[in-house]
Amino acid sequence: MDYTSELRDKGKKAKTAARHLAIVPTDIKNKALQAMAEALEQEQDKIIAANTLDVDNGRAKGLSNALLDRLTLTDKRIKDMADGLRQIAGLPDPIGEGLGALLRPNGLEINKIRVPLGVVGIIYEARPNVTVDAAGLCLKSGNAVILRGGSEAIQSNAAIIKAITTAAISTGIPEGAIQLIETTDRQAVNAMLKLNQYLDVIIPRGGAGLIQTVVENSTVPVIETGTGVCHTFVDATADLKMAAEIAFNAKVSRPGVCNSMETLLVHQDVAAEFLPSMIDRYLAAGVEIRGCQQVQALNPAVKPASDEDWAAEYLDLILAVRVVAGIDQALDHIAAYSTRHSEAIVTADYTNARRFHAEVDAAAVYLNASTRFTDGFEFGYGAEIGISTQKLHARGPMGLPELTTIKYVIYGNGQIR
């Protein structure tokens, strides 16, 4: 089926809405965000009922436990989503922010200001919270948004969109500012990738396959959110109790998200002291360990790691573990396999900490903390559109400023060239 006509209609509505939304006052946008948060809480039972259908369908289709976790909504998760909207409402409005001014010798006053990107298309997978995060951030930054969530979350997304769009429109936000593509046919994605006339940018948020498909096939400019092959390096001088808590949290707290640790690197001088109890703790938590020969020798339950394991984003309770000779080998390993998302070192050595921060090429680099903090809410952005691992325009958690571009406004009094 050809979805081009349907998507063009949505694109036209979004383009028209974007013109009006770009000049909506901050107080109206904030009222809309507050109303959207209240609507989520008021419609919580309906949203959870819709989500239950998605979860049941996902379980019947054999989705992994990690993916089911990403899909599942609870009372707390809906409250967190609502709180995220309220936090966005409390953030400074980036639109119209002055980024510099220059007075030329001929009297021209040149001003550089932030303006919305325009119409943002977001393609994502089985995470209903993205629907709320994206809608809230785009609204506050003056952008219209067209959302295309995964088929696994279609019932959840439809219920969420109905609640928040009704609330937003009631406060003065133009109709068409927030739209959802409700078909689950993948051909709709292909059509969306060609909507250059209406979309200013597309942001894919999901696994490597989705991101690669969008990057390779889109004629609309893409901001690439990356996969997360994240590492933690436990150095020889690390506080091993601290290292154990960080390494456990980074893997087990929520393995199905992109900021979870996929590979643990341990300095050979502390491996014999640190790893045996750490492996036992992981195994008790249901984590499958795939390790190098030195790690395998510590516990018969450890499976051999292949080159593919070092490059894998498991998004599951699976962890690759390697013993390294020192920071040089750790840095070499990270350079070879990192997806430039989030990397951490646990160390008391100031020189090694400085080297790690300087030499690791990633959007977020941690000293003595879990990679799980790479998140827009945790960074104080209220929410995020995604974690950008590219270097042009945006990098790291994408909050409000990353959803803007610049405009030059020039004041004159008759100057000609």
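The values are calculated or read from the model by the stated rules, or taken from the named source; none is laboratory data. Keep in mind that this is a model prediction, so the values were computed, not measured. When we count neighbours, we look across all protein chains shown, and the Cβ atoms used for this are built from the backbone with ideal geometry, even at glycine. Please note that ligands, DNA and RNA were not included when accessible areas were found on the heavy atoms of the full protein model with its side chains. Shrake-Rupley method; radii C 1.70, N 1.55, O 1.52, S 1.80 Å.
Overview of values
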| item | result |
| --- | --- |
| Sites residue 49 and residue 9, calculated FRET efficiency, Cβ-Cβ separation with R0 45 Å, nearest 0.05 | 0.95 |
| Top positive-direction residue, dipole computed over the chain with Cβ charges, set 393, 44, 177 | 177 |
| Residue-span extension gain [residue 194 to residue 335] - 0.36 nm each, minus C-alpha spacing | 47.3 nm |
| Residue list for segment 230-247, given a label point 7 angstrom along the Cα-to-Cβ vector of residue 378 and an amide N cut-off under 13 Å | 230-232, 246-247 |
| Reachable aspartates and glutamates from residue 15, criterion Cα separation under 20 angstrom, eight or more residues apart if same chain | 6, 175, 182, 200, 402 |
| Residue-averaged 222 nm ellipticity for the chain, from DSSP H runs of 4+ at -39500 (n - 2.57), nearest 500 | -13500 deg cm²/dmol |
| Inter-part distance where segment 61-123 and segment 376-417 are each reduced to a Cα centre, Å | 9 Å |
| Per-peptide average of other Cβ atoms within 10 Å, ordering 327-336, 126-135, 159-168 highest first | 126-135, 159-168, 327-336 |
| Difference of contour (0.36 nm per residue) and Cα-Cα distance, residue 219 to residue 20 | 69.1 nm |
| Contour minus Cα-Cα distance for residue 413 and residue 325 (0.36 nm per residue) | 24.9 nm |
| Solvent-accessible area per residue for segment 323-417 (1.4 angstrom probe, square angstrom) | 49 Å² |
| Degrees separating the helix 75-89 axis from the principal Cα axis of the chain, which is the longest one | 50 degrees |
| Ordering of 20-32, 94-106 by packing [mean C-beta count within 10 Å, highest first] | 20-32, 94-106 |
| Unit charges on C-beta of K, R, D, E only; dipole of the chain, Debye | 1440 debye |
| On Cα atoms only, tilt of 154-170 relative to the major axis of the chain in degrees | 40 degrees |
| Computed E for residue 57/residue 166 - FRET, C-beta separation, R0 45 angstrom, nearest 0.05 | 0.95 |
| The chain, accessible surface, carbon-and-sulfur percent (1.4 angstrom probe) | 50 percent |
| Inter-site label distance for residue 151 and residue 358 at 7 Å from Cα along Cβ, in nm | 5.2 nm |
| Positive-end residue, the chain charge dipole about Cα centroid, Cβ charges, pick of 212, 116, 337 | 116 |
| Solvent-accessible area per residue for segment 46-193 (1.4 angstrom probe, square angstrom) | 40 Å² |
| Cα gyration tensor shape of segment 217-348, rounded if a/c is under 1.5, else prolate or oblate by comparing a/b with b/c | prolate |
| Set 140/391; 13/140; 140/407; 12/391 screened for pairs whose C-alpha atoms are more than 20 Å apart | 140/391; 12/391 |
| Acute angle (nearest 10 degrees) that the helix 26-42 long axis makes with the longest principal axis of the chain, alpha-carbon atoms | 60 degrees |
| At 1.306 mPa s and 10 °C, Stokes diffusion of segment 1-152 via Kirkwood alpha-carbon radius, µm² per second | 89 µm²/s |
